[in-house]
1. Test Pro287 against the stated conditions and say whether it is free of Cβ contacts under 8 Å to residues at least 60 places away in the same chain, over 19 Å from the mean Cα position of the chain (by Cα) and open to solvent by 20 Å² or more (accessible area, probe 1.4 Å).
2. Hey, can you tell me all the residues within the range 59-72 that are acidic (Asp, Glu) and buried (at least 16 other Cβ atoms within 10 Å of the Cβ)?
3. Test each condition in (1) at positive phi; (2) open to solvent by 20 Å² or more (accessible area, probe 1.4 Å) for Gly306 and report the one that comes out false.
4. It is to be established whether one or more residues within the range 183-192 are among the β-branched types (Val, Ile, Thr), open to solvent by less than 20 Å² (accessible area, probe 1.4 Å), over 15 Å from Ala252 (Cβ atoms) and in contact (Cβ under 8 Å) with a residue 12 or more places away in the chain.
5. Looking at the range 233-262, which of its residues are of a type in the set (A, V, I, L, M, F, W, C) and in contact with a strand residue (DSSP E or B) (Cβ under 6 Å, 6 or more places away or on another chain)?
6. Given the conditions (1) over 21 Å from Gly119 (Cα atoms); (2) among the small types (Gly, Ala, Ser); (3) surrounded by 21 or more Cβ atoms within 10 Å (Cβ to Cβ), which single one is not true for Gly143?
7. Check Glu229, Glu173 and return the single one that is outside any loop (DSSP other than H, G, I, E, B), of a type outside the set (A, V, I, L, M), modelled with pLDDT of 95 or more and open to solvent by less than 60 Å² (accessible area, probe 1.4 Å).
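The values are calculated or read from the model by the stated rules, or taken from the named source; none is laboratory data. Nothing here was measured: the structure is a model prediction, and the numbers come from that model. As a convention, Cβ positions derive from the backbone with ideal geometry for all residues, glycine included, and neighbour counts pool all protein chains shown. Calculation scope for accessible area: heavy atoms of the full protein, side chains included, ligands and nucleic acids excluded. Shrake-Rupley method; radii C 1.70, N 1.55, O 1.52, S 1.80 Å.
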Amino acid sequence: MLRPRAAGALAGITAVVLSVVAVGTPAAGADDPPAADGYERTARLTTVGKPLDLLLHPESGKLYVGSDTVAGTPDGSLAGVYAVDPASDTVLSWVKTSPGSTGAPAQLPGKRLAGPLPGDGVHYLVGLRGIAAAKDGDASGSGGWLTGTSITQARSGAKAGTVVIVRGTKLEEVAVGGTAVTVERSLTLPATGGPLAVDTAAGQIWVTDNTNGVLRRVGSADFTPDGKEIALGSGAAVSFLEWDTGRGVLWAGRGTVLEAYDIASGKLAASFDAKPGDTIADVAVDPRSDRAFAVWQDWGNPPEEGDGVGQLAVYDTATLKDLDLGAELPGVNGQLGSSSVAVTPGGDAVFVASPSDASLTVFKAPEPPTPSPTPTPTDPGSPPPSPDPSPGDTDPAPDPSDDPTEPTDPSGSGTTVPVDGPADDGNSAGGTVDSGDTSGGAGTTGGSVSGGPLGTTGDGSLASTGSDLLLPAAAGTAALLTAGTAAILWRRRTNGRLEP
């Protein structure tokens, strides 16, 4: 049996060895990169009618929704243009009436949002040939109707107060006044015009020619083609164009394929294919975050034509790669119209409009967790190792604090983290957002998850414990303990002997 002094020395050696092992072994998961989850659904508005188009105003920051009525609405038509506060997800105002075909105000759908007005507000299409302007707080839109061929495409013009439209084979620039719309310039195209993209700063217009399979550039200064064309490959007709003016890329939706064309080279830079049963519906480019947000819309007839679930996809506009940050869109299908998307500057919030279920869904950007720091020997928060005991040292007095009187919590239970989201029982009584949400803002808690103990994964299984480091460390510990014990026993055998 070891004497007290020998036992104390052995305990000191053990403390040193365990300190070395503790310092040299990283915490489980400390070197793991932060997780990058997808965008999370936080609210679903159902009081903006059947949304047909979205536009987030670049100056006022308000979200405008062009809507049609919802079939079977008991309180009358919900058509018009809505202004929404993107911070609180609440409706600010509703422009119910617009100029009718006879000039008299009428409640008509806001079919397509052509572009922003200076300061606040939007230009939008009404009926077959009407163009109107309205902003938050207006009782009615102002503008008028054209005669002749119906308007199929519209974007804000390079000059303030103007809109570039397509009517058959005519590309026209029109001025929208208080009670009338006037054609200022007109260009006859080689074939029926398709979707538009306009860079008001550079004074360039791109118009699609689906008949001849090209994208054609028109200068807004002289309103004539400048000879620049981009050939489209084989595939479906272009359904929309979105211009990333900062990078000189045109995004084109073509049925089951989303394409990105580099304007400088005139070549296809990237293409993305749909999942089975999906088609591309819309894209919104956010220059601040260097991301493009795309809505893939399901046909809604599972299993023959899909699974009934659309997709929100997020792409890097610099590398033209899928960032794998998207989310599923249950119920977003194309049976009642095309979905649309808008994003706040910086990509913090994304809005997806679905005519099929008359909803506006809000998604928030993911926030990756902060990894725990790895303790190091120089870490000021780590206790310094105990000094090596000397055979001549006196035995230290036992420290009462070494024997804790209060055990630690072995369960490591975490806190409950609320997760905003809709419940399964439909909309709230107010009808503004999903169940669990309030009409005053974003959704409240629709569920919760419990934070697990440190060292566990999200599904409850144990995380990596670094066994490849602990096993050699344990072997080293055993070797040091053996050597220390032998030294103490040697001293015990020689203790008290006379030196020769």
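1. So Pro287 fails the test.
2. Asp68, the sole residue that qualifies.
3. The one condition Gly306 does not meet is (2).
4. The answer is no, given that none of the residues of the range 183-192 is among the β-branched types (Val, Ile, Thr), open to solvent by less than 20 Å² (accessible area, probe 1.4 Å), over 15 Å from Ala252 (Cβ atoms) and in contact (Cβ under 8 Å) with a residue 12 or more places away in the chain.
5. Going through the range 233-262, the residues of a type in the set (A, V, I, L, M, F, W, C) turn out to be 236-238, 240-241, 243, 249-252, 257-258, 260.
Passing the criteria: Ala236, Val238, Phe240, Leu241, Trp243, Val249, Leu250, Trp251, Ala252, Val257, Leu258, Ala260.
6. All conditions are met except number (1).
7. Glu173
The rows are residues; the columns are (1) open to solvent by 60 Å² or more (accessible area, probe 1.4 Å); (2) in contact with a Phe, Trp or Tyr (Cβ under 7 Å, 6 or more places away or on another chain); (3) free of Cβ contacts under 8 Å to residues at least 12 places away in the same chain.
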| position | (1), (2), (3) |
| --- | --- |
| Trp251 | no, no, no |
| Gly255 | no, no, no |
| Ala269 | no, yes, no |
| Pro276 | yes, no, no |
| Asp282 | no, yes, no |
| Val295 | no, no, no |
| Trp299 | yes, no, no |
| Val314 | no, yes, no |
| Leu325 | no, yes, no |
